[in-house]
Amino acid sequence: QVQLVESGGGSVQAGGSLRLSCAASTQIYSSYCMGWFRQAPGKEREGVAAIDGYRGVSRTYYSDSVKGRFTISKDSAKNTLNLQMNSLKPEDTAKYYCAAFVGRSVCAAMSTMPSDPLAYWGQGTQVTVSS
């Protein structure tokens, strides 16, 4: 059973930075697609960033709203997935979730990931950005 635990959330002012981390119960980051998602009250869960490593080549994917500001990375030795968030905006306020898509070596479109039957989800960590 895959278990994911997010940490690093908090409250910051616009323009600030936060670094989220996701720890897994088993080492899966080197083989499967993983990603960060967020959900604000009254809104659908949306993809933020994802990473895969098909054939040993790491590839990253970002939503248009965070491109250039967020960076996703993984540390296989520590079995963690990270999300560096810079230049935070109030619209980034949401609960952020880590997900592992066990069995998917290549990430699918982020819009399809929230309903992916192969997904394992963490409990989420809150990020609040004030103006």
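For the chain, a Gaussian network of Cα nodes joined below 10 Å ranks 111, 31, 21 by mean-square fluctuation, and the top entry is 111. If you filter segment 1-50 for trypsin sites (Lys or Arg not before Pro), then keep DSSP loop positions with at most 13 other Cβ within 10 Å, what is left? In loop regions of segment 1-50 (DSSP not H, G, I, E or B), the sparsely surrounded trypsin sites (Lys or Arg not before Pro) are 43.
Residues 71, 128 ordered from highest to lowest accessible area at a 1.4 Å probe: 71, 128. Over all pairs of different C-alpha atoms, the chain has a mean inverse distance whose reciprocal, the Kirkwood radius, equals 14.5 Å.
Dipole orientation for segment 55-125: of the candidates 98, 113, 79, 79 has the Cα lying most toward the positive pole (charges on Cβ; Lys, Arg +1; Asp, Glu -1). How large is the Kirkwood hydrodynamic radius of segment 1-71, in angstrom, based on all distinct alpha carbon pairs? By the Kirkwood definition, the hydrodynamic radius is 14.0 Å. Of all the options 14, 109, 119, the one that moves most in a Gaussian network model of the chain with Cα springs shorter than 10 angstrom is 109.
Taking the Cα centre of the chain as reference, the dipole from Cβ charges on Lys and Arg (+1) and Asp and Glu (-1) amounts to some 180 debye.
The values are calculated or read from the model by the stated rules, or taken from the named source; none is laboratory data. None of the values given here were measured: they were computed from a predicted structure. Don't worry about glycine lacking a Cβ; one is built from the backbone with ideal geometry, like all the others, and counts go over all protein chains shown. Keep in mind that these areas ignore ligands, DNA and RNA; they rest on the heavy atoms of the full protein, side chains included. Shrake-Rupley method; radii C 1.70, N 1.55, O 1.52, S 1.80 Å.
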